[in-house]
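The structure appears right after this line, and notes come after that.
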Amino acid sequence: MQKSERVNFGSKIGAILAAAGSAVGLGNIWRFPYETGNHGGAAFILIYLACVLVLGMPIMMAEFTVGRHSKASTGKAYSVLAPGTHWKWLGYLGVLAGFLILGYYSVVAGWTLEYILEAGTNEFANKRPDDFILAFEAFSQDPVRPLIWLVVFLLLTHFVIVKGVKDGIEKSSKILMPVLFILIILLAVCSLSLPNAEKGLEFLLKPDFSKVTGDVFLGAMGQAFFSLSLGMGCLSTYASYFGKETKLGNTALSVGVIDTFVAVLAGVIIFPAAFSVGIQPDAGPSLIFITLPNVFQQAFSGIPFLAYVFSVLFYVLLALAALTSTISLHEVVTAFLHEEFAFTRGRAAKMVTFGCILIGALSSLSLGVMQKYTLFDKGFFDLLDFVTAKIMLPLGGMLVCIFVGWYLKRSVSYAELTNEGTLKAGFFNVYIFILRFIAPIGIALIFINELGLI
Ligand code: PFF
């Protein structure tokens, strides 16, 4: 991408919505509910919120600082800000994480396309809860069908990346994000009106701290990084397109609030529905694909037309939310290949898409015909999810804290956060203290705990 092209999103709100478009995606609506379900509910959510506040917000501001100050994608940013040092490896770690995440994320994104088709052809009508479970299993384990959707989804992403990200991302985010919010709120209301909904709410709101283990902390931290698109330089790459007038602190706060709001509301949609139809909250990655079709059928049982419209609309929006995230992942890797190895942008994009199709195919097959091939007791799909979300992203986040907290000059951080001194910097010292001590030590403790050393 040329320098002139990378300069700015058109407006402050455009910058916020593009970053929110990256953050809000399958992580909120698909991954957050099943991680919450797997880790016992409300207590996990509280720890998650703490991670967003204490780790997520400062690290997002740190990534914004790196991106806007270097005006380079993450693969290059550290060579610009710390030339001749090993910090460049932090950029490379992010690029690798982005590539691996895109590989398995696209599989799930592909599933949303299948569900658009099923909803559109009215396949959900008259199915019982168990039928949805069987249908999902049959589909996700099929050796061919999910692969086709995977390729289609990656080609859609490829198309936007090659066409020019700026207009595509900014314009589509401005329209799609508000529509997504409205729909999510409507669905939450529907879900709460189902019989037995209160059991689901209780699961979401009443913490049971006896279920909190080191694993819950690692899960919540990994989810916070994944959901906020942090730890791999994605938001730092986007910040390289921020204008001078964009307020980094406000933007981080808006993105954090929007992202958390969508995730919690996704929980409000899914758990009352799951309890209402008797689906276990720890069903795992299949959770939204088996509970949501039920919500539509049951909430609108007397009005089939509404059930139909809501199901189609929901999966279309879910696919679009996933698309704004896959674009941001693809962009990190494409920009890196383009800037570092001087491939043309089109060529770089092709390499990324092709590589992700291969990784995605292996991930998808690992849920079906290749189920028996495991490493550390995990299939390829689960392994990629674990290694990226629970190791690479927190590690990347920890290193960004150390970079901005200790290596980068304080005056650079100050100038970026106050837009060259024109804004008040109320919490600047607290922010630097978190970056220097609280966040890196907190992340390290969670890692060490998981290794069983404390
Ligand atoms: N934050 C996205 C989601 O919640 O779906 C996923 C994601 C996008 C993770 C970009 C990491 C990233 F860099």
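In region 104-113, what count of residues is obtained for those that are more than 12 Å from the ligand (Cβ to nearest atom) and crowded, with 23+ Cβ neighbours inside 10 Å?
Final tally of qualifying residues: 3.
Scan region 366-390 for residues that are in a loop (DSSP other than H, G, I, E, B) and of a type in the set (Lys, Arg) and jot them down.
Matches in region 366-390: Lys372 only.
Condition first: over 23 Å from Lys211 (Cα atoms), within 16 Å of the ligand (Cβ to nearest atom), hydroxyl-bearing (Ser, Thr, Tyr) and surrounded by fewer than 24 Cβ atoms within 10 Å (Cβ to Cβ). Can you find one or more residues in region 72-95 that meet it?
Yes: region 72-95 contains one or more residues that are over 23 Å from Lys211 (Cα atoms), within 16 Å of the ligand (Cβ to nearest atom), hydroxyl-bearing (Ser, Thr, Tyr) and surrounded by fewer than 24 Cβ atoms within 10 Å (Cβ to Cβ).
For Asp131, work out the one condition from (1) away from the ligand (no atom under 16 Å from the Cβ); (2) surrounded by fewer than 24 Cβ atoms within 10 Å (Cβ to Cβ); (3) under 27 Å from Gly200 (Cβ atoms); (4) touching a residue at least 40 places away in the same chain (Cβ under 8 Å) it doesn't fulfil.
(4)
Being crowded, with 18+ Cβ neighbours inside 10 Å and acidic (Asp, Glu) is the requirement here; does Asp377 meet it?
no
Which members of region 315-352 meet the condition of being away from the ligand (no atom under 16 Å from the Cβ), modelled with pLDDT of 95 or more and either under 19 Å from Leu93 (Cα atoms) or in contact with a Cys (Cβ under 6 Å, 6 or more places away or on another chain) (or both)?
Answer for region 315-352, where residues must be away from the ligand (no atom under 16 Å from the Cβ), modelled with pLDDT of 95 or more and either under 19 Å from Leu93 (Cα atoms) or in contact with a Cys (Cβ under 6 Å, 6 or more places away or on another chain) (or both): Ala348, Ala349, Met351.
From Ala307, Ala335, Ala348, Ala322, grab the single residue that is free of Cβ contacts under 8 Å to residues at least 40 places away in the same chain, buried (at least 18 other Cβ atoms within 10 Å of the Cβ), at negative phi and assigned to a helix (DSSP H, G or I).
Ala348
What residue, of Ser413, Ser366, is under 23 Å from Phe32 (Cβ atoms), surrounded by 19 or more Cβ atoms within 10 Å (Cβ to Cβ) and not aromatic (Phe, Trp, Tyr)?
Within the list Ser413, Ser366, the selection yields Ser366.
In region 292-304, how many residues are among the aliphatic types (A, V, I, L, M) and not in a helix (DSSP H, G or I)?
Of the residues in that region, 1 qualify.
The values are calculated or read from the model by the stated rules, or taken from the named source; none is laboratory data. On a predicted model such as this, the values are computed, not experimentally measured, just so you know. When we count neighbours, we look across all protein chains shown, and the Cβ atoms used for this are built from the backbone with ideal geometry, even at glycine.
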